[in-house]
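Shown next, in structure tokens, is the structure this report addresses.
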Amino acid sequence: MGLFKDKSTFRKFTEKVTNVIVGNPNIDEEFYEELEESLVISDIGIETTDKIMDMLRKRINAKYLTKPEDIKRALADVIAEIVDKGDRNKLSSDYPLVILMIGINGGGKTTSIGKLANMFKERGHSVLLAAADTFRAAAADQLVEWGNRSGVRVIRHEEGTDPAAVIYDAVQSARANDIDVLICDTAGRLQNKTNLMKELEKMDKIISREYPEASRETLIVLDSTTGKNAISQAKEFSEIADITGIVLTKLDGTARGGISITVTDEYNLPIKFIGVGEGIHDLKEFDPKEFAGGIFD
Ligand code: GDP
């Protein structure tokens, strides 16, 4: 089984692109136009499509490519290059590490936190979770459930209390217990952007002040099934937080995977993890080559 399980993620994209490549015996302007169109309707943004087309043309011309298989491989290589942000695709490996998880409700934030916590545990790290989405009691309950699955403790307060106070307590506990990785859930109320920004700023200050030795990551969780909405969320959140990477969820359940290529390209944000299912092990470290190769597998 390939990276994308039932292949629904890139099925439409692959079909369209394959039809163009196979259906065009000549590599002429019409071919390039059709290919360009097939990229755009697969939810790849215009700018990114232009970039892909430029790079692909150069490769096709330089190597005199004509066979569909070679062109598909060249396209996969171009996509791999675009989504490859080098070491930035990897999570910091300096511990202690504090990860702030941001993103709108329903995107898969809690699930991704649960999966990440388990991943660190399985690698032998000590982990602590902070339920700093105090707006919804259910969010903290859900986090505790995930914590239980991997034996990870969750710091939580009453509903409606200051999320920064949760972060403060979590940081103290992480320091006192020599925790390697502290993962913090945050509220996903983008509709109240100013408040959310203040909330995130306050958390940020507390972590910097109380835990200066910790390295930091701020990951935005984006639901790939939401297509272009994921792009606008990346934009909105990058205006209120210093995002260090993307967790792209639900890649198993969408035919609109093209968005993943656009979001990392347009915002120059590295994809760090991809979610490929609801289970605890369905989170994968992002590998540009595997990802691009998986598209045309
Ligand atoms: P939150 O509101 O952002 O915390 O979102 P949740 O973590 O509660 O996830 C919302 C829904 O998406 C839940 O039903 C999850 O099981 C589901 N979900 C999360 N990540 C994935 C994924 O990678 N693949 C699939 N198929 N479902 C996911």
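Just checking, does the range 38-47 include any residue being touching an Asp or Glu at 6+ places or on another chain (Cβ under 7 Å) and open to solvent by 80 Å² or more (accessible area, probe 1.4 Å)? Yes, there is a match, as at least one residue in the range 38-47 is touching an Asp or Glu at 6+ places or on another chain (Cβ under 7 Å) and open to solvent by 80 Å² or more (accessible area, probe 1.4 Å).
Looking across the range 213-242, the residues that are surrounded by fewer than 22 Cβ atoms within 10 Å (Cβ to Cβ), farther than 19 Å from Glu47 by Cβ and within 16 Å of the ligand (Cβ to nearest atom) come down to Thr218, Thr225, Thr226, Ala241. Pairs meeting the criteria (first residue in the range 239-251 and at pLDDT below 95, second residue open to solvent by 20 Å² or more (accessible area, probe 1.4 Å) and away from the ligand (no atom under 16 Å from the Cβ), beta carbons under 6 Å, at least 6 apart or on different chains) are Ile240/Met197.
Evaluation of Ile259 against the conditions (1) buried (at least 23 other Cβ atoms within 10 Å of the Cβ); (2) closer than 18 Å to Ile99 by Cβ shows that the sole unmet condition is (2). Any residue at all in the range 63-84 that is within 20 Å of the chain's Cα centre (by Cα) and open to solvent by 40 Å² or more (accessible area, probe 1.4 Å)? Yes, that holds for at least one residue.
Yes or no: the range 267-288 includes at least one residue that is open to solvent by 10 Å² or more (accessible area, probe 1.4 Å), closer than 22 Å to Glu15 by Cβ and not basic (Lys, Arg). Scanning the range 267-288, I find no residue that is open to solvent by 10 Å² or more (accessible area, probe 1.4 Å), closer than 22 Å to Glu15 by Cβ and not basic (Lys, Arg), so the answer is no.
One residue stands out among those in the range 159-212 that are among the β-branched types (Val, Ile, Thr), open to solvent by 10 Å² or more (accessible area, probe 1.4 Å) and in contact (Cβ under 8 Å) with a residue 40 or more places away in the chain: the one that is farthest from Arg123 (Cα to Cα), which is Ile206. Of all the criteria given as (1) farther than 20 Å from Gly103 by Cα; (2) of a type outside the set (A, V, I, L, M, F, W, C); (3) open to solvent by less than 30 Å² (accessible area, probe 1.4 Å), the one not satisfied by Arg123 is (3). Kindly check whether there is at least one residue in the range 210-225 that is over 26 Å from Leu283 (Cα atoms), modelled with pLDDT of 95 or more, out of contact with any strand residue (DSSP E or B) (no Cβ under 8 Å at 6 or more places or on another chain) and assigned to a helix (DSSP H, G or I). There is at least one residue in the range 210-225 that is over 26 Å from Leu283 (Cα atoms), modelled with pLDDT of 95 or more, out of contact with any strand residue (DSSP E or B) (no Cβ under 8 Å at 6 or more places or on another chain) and assigned to a helix (DSSP H, G or I). In summary, Phe135 fulfils each of the numbered conditions (1) open to solvent by 70 Å² or more (accessible area, probe 1.4 Å); (2) within 14 Å of the ligand (Cβ to nearest atom); (3) in a helix (DSSP H, G or I) with the single exception of condition (3).
Inside the range 151-206, residues that are out of contact with any strand residue (DSSP E or B) (no Cβ under 6 Å at 6 or more places or on another chain), of a type in the set (Asp, Glu) and not in a helix (DSSP H, G or I) make up a count of 5. Residues of the range 98-118 include at least one that is within 30 Å of Asn177 (Cβ to Cβ), open to solvent by less than 10 Å² (accessible area, probe 1.4 Å) and away from the ligand (no atom under 16 Å from the Cβ). None of Ile113, Ile82 is in contact (Cβ under 8 Å) with a residue 12 or more places away in the chain and touching a Leu at 6+ places or on another chain (Cβ under 7 Å) except Ile113.
The values are calculated or read from the model by the stated rules, or taken from the named source; none is laboratory data. Here the structure is a predicted model, which is why all the values come from computation and not from measurement. In this analysis, Cβ positions are derived from the backbone assuming ideal geometry, glycine residues included, and neighbour counts consider all displayed protein chains. The protein model used for the area step is the full one, side chains on, heavy atoms only, and it has no ligands, DNA or RNA in it. Shrake-Rupley method; radii C 1.70, N 1.55, O 1.52, S 1.80 Å.
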